[in-house]
1. Anything in segment 87-121 that is among the aliphatic types (A, V, I, L, M) and in a loop (DSSP other than H, G, I, E, B)? List them, or say none.
2. Quick check, is CYS180 in contact (Cβ under 8 Å) with a residue 60 or more places away in the chain and in contact with a Gly (Cβ under 6 Å, 6 or more places away or on another chain)?
3. What tally of residues in segment 183-212 results from selecting those that are in a loop (DSSP other than H, G, I, E, B) and at pLDDT below 90?
4. So GLY86 passes all but one of these: (1) closer than 24 Å to GLN30 by Cα; (2) within 16 Å of the chain's Cα centre (by Cα); (3) in contact (Cβ under 8 Å) with a residue 24 or more places away in the chain. Which condition number does it fail?
5. Could you list all residues from segment 38-76 that are among the hydrophobic types (A, V, I, L, M, F, W, C), surrounded by fewer than 17 Cβ atoms within 10 Å (Cβ to Cβ) and near ligand 2 (Cβ under 10 Å from one of its atoms)?
6. Is it fair to say ARG44 is modelled with pLDDT of 95 or more, within 12 Å of ligand 1 (Cβ to nearest atom) and out of contact with any Cys (no Cβ under 7 Å at 6 or more places or on another chain)?
7. It is to be established whether one or more residues within segment 14-36 are touching a Pro at 6+ places or on another chain (Cβ under 8 Å), closer than 25 Å to GLU207 by Cβ and modelled with pLDDT of 85 or more.
8. Looking only at segment 54-82, which residues are within 10 Å of ligand 1 (Cβ to nearest atom), in contact with an Asp or Glu (Cβ under 9 Å, 6 or more places away or on another chain) and touching a residue at least 40 places away in the same chain (Cβ under 8 Å)?
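The values are calculated or read from the model by the stated rules, or taken from the named source; none is laboratory data. What you see is a predicted model; the values in this text were computed from it and never measured. Every residue, glycine as well, gets a Cβ built from its backbone with ideal geometry; the counts of neighbours run over all protein chains shown.
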Amino acid sequence: MPPKAARLNPDALSSSSETQLRSRPKLLKQSLHLTTLWCLQCFRTSLRDWDSGMPFEPNCWIDTAAPKLCRRCSTTHGKCDSLPRGIRGHGFELMALLEFAKQFWANDEGGFGRVDGADFLWTNEVIEDMSHAINDLCTAFDNLVKTHGKAHMLTGNPSDASHAQYVLYGEAKTVYSAWCNAREHMISSNSTYTSDLPRKYASRATEHLRLRVGEEAYTHWAVAICAFHNASKSAFEDDQENDQESDLTSFDEVFPLELPEL
Ligand SMILES: [Zn+2]
Ligand SMILES: [Zn+2]
């Protein structure tokens with residue numbers, strides 16, 4: 001190890017240490033899966049292309065060497081929109097439900113999906129019903145995002161806008177940012193952490209901004225959560241009727257979200 005003065009002052013490093021530093025790669029080039037910070041473009045594309053053979057998850061990757069846009073949006077030279085800050089908590093609610101729903105795609109090899117000759121643990125009917133439930137849930141979530149964006153004038157592409165539109169877009173962003181700041185007090189800071197992923201995401205949902213009851217698109221999203229709850233509850237109850245040996249687990253103990261009041 002070089003003397004302390006040399007460690008603090010890079011100019012004082014010996015020439016061999018300098019060569020070692022120069023030859024070291026600046027940043028490891030790799031692709032990372034954005035499991036919760038996925039972009040809206042990848043979310044929509046993944047939903048459209050989902051064949052329900054595997055659990056649904058947004059397929060959004062980012063290269064560490066060029067992390068400005070995700071890999072897909074870099075290729076398409078399109079927009080790469082993240083979830084607006086004012087509804088990020090609802091994004092975690094969606095993630096909690098998608099993680100919870102993965103169990104319906106569990107196979108008898110301990111993995112997910114019908115791969116390498118493995119069979120699903122749940123019936124095809126349950127998987128089909130849950131595929132519809134996930135499609136409906138994700139569509140409702142996308143409607144929430146679009147309605148929220150329109151309500152706060154966050155839509156549009158500033159790169160093709162006229163100067164006047166560009167100024168308006170900038171003003172809308174500033175007003176939106178102030179709107180979000182004024183709501184920060186609504187966020188709970190005493191959530192508990194757990195290694196159970198659906199519950200962890202449910203807890204994260206309380207740490208980010210969400211809409212208030214009655215605000216634009218809130219009711220539609222709340223109804224979608226309840227409909228998803230009912231669809232997965234039916235699947236659990238049907239399974240327990242068929243399996244005499246299974247414990248009668250209370251479904252509401254395993255469902256990760258508190259149901260919204262309608
Ligand atoms: Zn993406
Ligand atoms: Zn993107």
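1. Taking segment 87-121 as the starting set, the residues that turn out to be among the aliphatic types (A, V, I, L, M) are 87, 94-98, 101, 106, 115, 118, 121.
Residues satisfying the conditions are VAL115, ALA118, LEU121.
2. Values: in contact (Cβ under 8 Å) with a residue 60 or more places away in the chain: yes; in contact with a Gly (Cβ under 6 Å, 6 or more places away or on another chain): yes.
Against the criterion (in contact (Cβ under 8 Å) with a residue 60 or more places away in the chain and in contact with a Gly (Cβ under 6 Å, 6 or more places away or on another chain)), CYS180 qualifies.
3. So in segment 183-212, the residues in a loop (DSSP other than H, G, I, E, B) come out as 183, 187-196, 206-212.
Next, from what is left, pick out any that are at pLDDT below 90: 187-195.
Number satisfying all stated conditions: 9.
4. (1)
5. TRP61
6. Values: modelled with pLDDT of 95 or more: yes; within 12 Å of ligand 1 (Cβ to nearest atom): yes; out of contact with any Cys (no Cβ under 7 Å at 6 or more places or on another chain): yes.
Yes: the conditions hold for ARG44.
7. yes
8. The answer is ARG71, and nothing else.
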